[in-house]
Structures are given as structure tokens and as C-alpha cells.
Amino acid sequence: MAALEAGRNAAYGSPENPKPAFKSPEKRRTNKYALCCATLASMSSVLLGYDIGVMSGAALSIKEDLHISDTQIEILIGTLSIYSLIGSAAAGRTSDWIGRRYTIVFAAVIFFVGALMMGLAINYAFLMVGRFVAGIGVGYALMIAPVYTAEVSPASYRGFLTSFPEVFINFGVLLGYVSNYAFDKLPLHLGWRLMLGVGAIPSVLLGICVLTMPESPRWLVMQGRLGDAKRVLDKTSDSKEEALLRLADIKEAARIPEECNDEIVAVPKLSHGEGVWKELLLRPTPSVRRVLIAAVGIHFFQPATGIGAVVLYSPRIFEKAGITSKSKKLAATVAVGFTKTIFVLVATFFVDKFGRRPLLLSSVGGMTISLVSIGFGLTMVDTHPHENMGWAMALCVTMVMVYVAFYAIGVGPVTWVYCSEIFPLRLRAQGSSFAVAVNLVTAGVQAMTFISLYKVITIGGVFFLYAGIGTLAFIFFFVFLPETRGKTLEEMEGVFGKFNWRASLNNNKGTSQGKQATATTNGDVQLGTRG
């Protein structure tokens, strides 16, 4: 108990000194164990990224080989997100039942089967069945990777580590684009099947590597395995004091008495999600309601601002901009994937340095301006079909690169970082799966309507529509999303309970004058105070 109280006083302060900073080493070193755990868990996101990227180019060959319509292509591309709903919805309960680690392995197995089925597809119907199976695996991986990463990460650089899933999604997209370009030279009937089938390879590697990871300390506590949880926290925290603090907070959230320090203890029978949906949706507290609105809103606006159209249909967009060569369209698409991957890597180093709100607001602002520019360029090409519009083509290609860069530096990774850390422990798995479900439905609707929509309101008009949604996203982020940098996961309910955007604006002004809300003047992370 003395050690525990020492840990609390170090992080939260004594009554005489209520708001000290958590004292870390003068030169903070990245916790290599936590880094490895986050990397391995986030590798599951490669499955989603590869499937998204490879289908953008494979769809061109599939349409030609199987002689299917644009509507069937829309359904083929867009239904992945809809199918993923099944995996995402089941992942919360599954991860509470068998653990976060084995849920990732389960996702890899399902995707492996789906990738093989798509690679061996003999017709459109068989291809759709493989798409359905792969979609379930993607849904599992999409939900569980950021949850696991957030639960093993120390608060000092949780944003850095929980942005890894987005990094690996983009890496997977880039691999898919490269696969399109590499296999495009093969015979038509063989090329697209290899593009889809080789996606089974990373799922095998993932399933093997994940078995070397420890289980999430928060899941271990939910099972009453305090001894195992403490050993994991000792390895993934910046210090022994922080490990004690994290364990105490998790025990409190799991309703385990503070004085219980046995290896294995009895826990309340709410550890597998019973009653969670009622507390989350039917009778939420004001702070939980705000958390849910924030999570659902950010997951809606992430795909609604057009990223799915750009990533999945970039060859068509470049064709509409005036690029006629298939090889050049695929090469330009690879450049899009490369740009997106580079900038999401940059974002991982900024998310803990500058905070979540500044990255989100600057990102969606830049995306909106880029979308207006793309819409203008495509409209000019569309309305002057017989004129040399090289400048408009260059504008479209350039602005697509700028758009994905702004997306990758903010809205892309920060969405997963933010939603993985704001839900209380008792609601985290189900809350995250619900928010991800909103993301998947929105992405699916966008992917399945893009071609039909641009045939009605022109392709330029579609991007002006996305720009309008981007404007709404900026307003929502500004009004509803508080800063969470430097806060422990157990503090989030209090952060949302007290958040007011006007107070936040005044606080930001104070910060610009040298006052910092989440960091002390010597750079130590402020883990928060007991209210």
C-alpha cells in the first residue's frame, strides 16, 4: 500500500501539492516493449489497407475479364465495408471473451480464407462470397487493433503508438497499389486473381507474430488476473510508479477493491459486456453521451469527406482528369499511396507533440480546400472536352496528392487514436465497435454510390459535395472534441463531462501565452488530477 500511495502521489499529488506532473526521466526513452506490442497489433490493419488498395486497380481488370457493369463494380468495391460490420459488431464481445490478442489471430485466419477465395474465384458470385469472408476479417482487425494498442500504451506517447493502425492501413494500401502495377502486365485472367490472392500472405505472418504478444493489461484485470496484468504494465510503463498508478485506475474502473493485490481475484460479472449497451445507448450519463457523440461523429466524418472515393477510384478520377494510359493511371495511383504513407508517418510524431484537436482542425481545413480545387479542375476538364486542359489535369493530380497528405496527417490517424482512448474501460470494446460500425457504413455507402453519383451531378459536383461535408466536419470537431493529449484513459469521462468549446478556446489563447493544459513547463506529461 505504501508503494501504491507513493505512485499516486507522484502522479496526482498530495493534498498539499494537488497538481504536480508525473516525473519521467529527464531524457525520455521510447518503451521498446510497448513499441513492439503496438507494431505487431497494428500489423492487422495491413489486411484492410491491402484489400482497399488492390481492389482499386483490380476492378479495372475484373470488369473487363468478367464482363460486369459499373453497378456491379460499385457493389464489389463498396460491400467490403458493409460486410466488415459483422466482424466489427462481433469483435467487441469476442475480444471481451477470448482476449484482444486471440481476436487479432482470429481476424487473420478469416481474412486468409477470404483472400484465397477471391484469388481462386471463377465468376462474379464466387468473388462476392470471398469478399464477404474477407470483409468479416477486416471488421475484426479494424476494431481490435487500436483498442489493444491504446490499452498497452503509456500515456506519455499513447497517441504515437495508437496511430500505428492508420500507418499500417496506408502501408497496406501502398502494397495494394504496387501489386496492381506489378501484376497488370500478366494475362488478364491471371493478373487480378494474383493481385487478390497474395493478400493471404500477410495474414499468415500476422497470425504467427501476434502469438508472441502479451495480453492487454486491462483485459487481464477484467478477468481478475492482477498478477499477469501487473507484469505487463511493468514492461509497458515509463516507470514502476506509473505501472502502479495504471493498475490502480484499471482496478477502480473494473470495480475491483483497491486493497485486492492477489495474483487472481474475483471480479464482478460485468466483465463480458452484460448491460453495456443499455449504459451506452439507452441510459448514458451526460459525459458518456458526449463521448459517444464525439466517437460517432469523428468516425462518420472521416470517410464522409471523400477519402474512399479518392483511394478506391483514383484511376477513374485520373481518367476523368485527362490521363488515358492505363499504366500511367496506375503509376499516378501508386504516387497517391506513397504520399499518403509518408505523411501518416509524419503524423505519428506530431499527435503527441501538438495534440489531437490542432491536427484534426488543420487536416480537415486543408482537405476541404483541396476538394474544392479538385472539383474545380474536374469541372473545367468536363466542360471543355475538346480543349487542351493540361493545367487542369495537373491541378487535379496535384490536389489529390495534397488532399491525401492533409488526410494522412490528421483525420486519418487521429480518428483511431481519439476513439481508442475516450471510452471508459467498461464501455471501451462495445463503444469502439459501435463507432467503427458507423465508419464502415458511411464508407460503404460512399464507395457504392460514387460512380452513380458522378453520373448524376458530374464528377466535379461530387467533390464540391465532399467539400461541403468537410466544412461541417470542421465545425463539429471544433465544437464537440476536447483535447485528450496527456490524459490517462481512466480520466476521459471527466474530460468530456467538463468540456466546453468556449472554455477550450480561451484555454488555447492562454496556452499561446505560455500556459499549457496538458504539459508542464519542463516537458513532463501531466497525467491528471483526481476530481
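The values are calculated or read from the model by the stated rules, or taken from the named source; none is laboratory data. Being a predicted model, the structure only gives us computed values, none of them experimental. Every residue, glycine among them, receives a Cβ derived from its backbone with ideal geometry; neighbour counts consider all protein chains shown. Keep in mind that these areas ignore ligands, DNA and RNA; they rest on the heavy atoms of the full protein, side chains included. Shrake-Rupley method; radii C 1.70, N 1.55, O 1.52, S 1.80 Å.
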Original post:
For region 422-434, does any single residue satisfy the condition of being within 17 Å of PHE160 (Cα to Cα), in a helix (DSSP H, G or I) and not aromatic (Phe, Trp, Tyr)?
Top reply: yes
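Report whether or not ILE52 is at pLDDT 85 or above, open to solvent by less than 60 Å² (accessible area, probe 1.4 Å) and not acidic (Asp, Glu). Show your work before the answer.
Working: at pLDDT 85 or above: no; open to solvent by less than 60 Å² (accessible area, probe 1.4 Å): yes; not acidic (Asp, Glu): yes.
No; evaluated as a whole, the condition is false for this residue.
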Subject >> Qualifying position, being over 23 Å from GLY78 (Cα atoms) and part of a helix (DSSP H, G or I), among THR333, THR348, THR324, THR341 >> reply: THR348
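Mind listing just one residue for me: the one in region 314-332 that is open to solvent by 50 Å² or more (accessible area, probe 1.4 Å) and out of contact with any Lys or Arg (no Cβ under 7 Å at 6 or more places or on another chain) and, of those, modelled with the highest pLDDT?
Step one: of region 314-332, the residues open to solvent by 50 Å² or more (accessible area, probe 1.4 Å) are 319-320, 324, 326, 328.
When the remaining residues are screened for being out of contact with any Lys or Arg (no Cβ under 7 Å at 6 or more places or on another chain), the result is 320, 324, 326, 328.
Values: LYS320: 88, THR324: 79, LYS326: 77, LYS328: 83.
The selected residue is LYS320.
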Subject >> LYS353, sole failed condition from (1) farther than 30 Å from LEU186 by Cα; (2) open to solvent by 30 Å² or more (accessible area, probe 1.4 Å); (3) touching a residue at least 12 places away in the same chain (Cβ under 8 Å) >> reply: (3)
Original post:
From the list GLU215, GLU166, GLU241, which residue is of a type in the set (Asp, Glu) and over 26 Å from the mean Cα position of the chain (by Cα)?
Top reply: GLU241
Original post:
Checking SER370 against (1) in contact (Cβ under 8 Å) with a residue 40 or more places away in the chain; (2) in contact with a Phe, Trp or Tyr (Cβ under 9 Å, 6 or more places away or on another chain); (3) in a helix (DSSP H, G or I); (4) not aliphatic (A, V, I, L, M), which single condition isn't satisfied?
Top reply: (1)
Subject >> Where a residue in region 148-160 is closer than 27 Å to ARG93 by Cβ and its partner, wherever it lies, is among the basic types (Lys, Arg) and assigned to a helix (DSSP H, G or I), with Cβ under 6 Å and at least six apart >> reply: TYR148/ARG100; GLU151/ARG218
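Output yes when any residue across region 299-313 is assigned to a helix (DSSP H, G or I) and either open to solvent by 30 Å² or more (accessible area, probe 1.4 Å) or without any contact (Cβ under 8 Å) to a residue 24 or more places away in the chain (or both), and no when none is.
Restricting attention to region 299-313, the residues satisfying the condition of being assigned to a helix (DSSP H, G or I) are 299-304, 307-312.
Next, from what is left, pick out any that are either open to solvent by 30 Å² or more (accessible area, probe 1.4 Å) or without any contact (Cβ under 8 Å) to a residue 24 or more places away in the chain (or both): 300.
Yes; the residues of region 299-313 include at least one that is assigned to a helix (DSSP H, G or I) and either open to solvent by 30 Å² or more (accessible area, probe 1.4 Å) or without any contact (Cβ under 8 Å) to a residue 24 or more places away in the chain (or both).
So for region 141-163 (the condition being more than 30 Å from GLU241 (Cα to Cα), surrounded by 24 or more Cβ atoms within 10 Å (Cβ to Cβ), within 17 Å of the chain's Cα centre (by Cα) and β-branched (Val, Ile, Thr)), does at least one residue qualify?
Just the residues of region 141-163 that are more than 30 Å from GLU241 (Cα to Cα), to begin with: 141-143.
From the residues that got through so far, the ones that are surrounded by 24 or more Cβ atoms within 10 Å (Cβ to Cβ) too are 141-143.
The next check asks that each one be within 17 Å of the chain's Cα centre (by Cα); those that pass are 141-143.
Now restrict to residues that are β-branched (Val, Ile, Thr): none.
Taking every residue of region 141-163 in turn, none turns out to be more than 30 Å from GLU241 (Cα to Cα), surrounded by 24 or more Cβ atoms within 10 Å (Cβ to Cβ), within 17 Å of the chain's Cα centre (by Cα) and β-branched (Val, Ile, Thr).
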**OP:** Hand me the list of helices (runs of 4 or more DSSP H) wholly inside region 183-264 holding 2 or more residues that are within 17 Å of THR103 (Cβ to Cβ), out of contact with any strand residue (DSSP E or B) (no Cβ under 8 Å at 6 or more places or on another chain) and at pLDDT 85 or above.
**Re:** 200-210, 217-222
Original post:
Counting only residues that are under 22 Å from the mean Cα position of the chain (by Cα) and in contact (Cβ under 8 Å) with a residue 60 or more places away in the chain, which one in region 116-139 is nearest to MET492 (Cα to Cα)?
Top reply: GLY139
Original post:
Would it be correct to say that ALA266 is of a type in the set (A, V, I, L, M) and either farther than 30 Å from ILE475 by Cα or without any contact (Cβ under 8 Å) to a residue 60 or more places away in the chain (or both)?
Top reply: yes
Original post:
Got a sec? Which of THR379, THR398, THR415, THR383 is in contact (Cβ under 8 Å) with a residue 12 or more places away in the chain and open to solvent by 10 Å² or more (accessible area, probe 1.4 Å)?
Top reply: THR379
Subject >> Inter-residue pairs, beta-carbon under 6 Å, first of a type outside the set (A, V, I, L, M, F, W, C) and in region 282-293, second assigned to a helix (DSSP H, G or I), 6+ apart >> reply: SER287/GLU493; SER287/PHE496; SER287/GLY497; ARG290/PHE496
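Looking only at region 325-384, count every residue that is of a type in the set (Lys, Arg) and in contact with a helix residue (DSSP H, G or I) (Cβ under 6 Å, 6 or more places away or on another chain) and tell me the total. Spell out how you get there, then give the answer.
We begin by selecting, within region 325-384, every residue of a type in the set (Lys, Arg); these are 326, 328-329, 340, 353, 356-357.
Okay, now just the ones that are also in contact with a helix residue (DSSP H, G or I) (Cβ under 6 Å, 6 or more places away or on another chain), so 329, 340, 356.
Total satisfying the criteria: 3.
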Subject >> Tabulated pairs, region 43-68, first touching a residue at least 40 places away in the same chain (Cβ under 8 Å) and more than 22 Å from ARG101 (Cβ to Cβ), second in a loop (DSSP other than H, G, I, E, B) and open to solvent by 10 Å² or more (accessible area, probe 1.4 Å), C-beta under 8 angstrom, 6+ apart or interchain >> reply: GLY57/ASP184; SER61/ASP184; ILE62/ILE68; LEU66/ASN123
Original post:
Using beta carbons and a limit of 7 Å, which pairs, at least six apart or on different chains, have the first residue in region 445-461 and outside any helix (DSSP H, G or I) and the second one open to solvent by 10 Å² or more (accessible area, probe 1.4 Å)?
Top reply: THR458/THR379; THR458/ASP382
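The rows are residues; the columns are (1) in contact with a Gly (Cβ under 7 Å, 6 or more places away or on another chain); (2) open to solvent by 20 Å² or more (accessible area, probe 1.4 Å); (3) among the basic types (Lys, Arg).
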residue	(1), (2), (3)
VAL436	no, no, no
GLY444	yes, no, no
TYR454	no, yes, no
VAL462	no, no, no
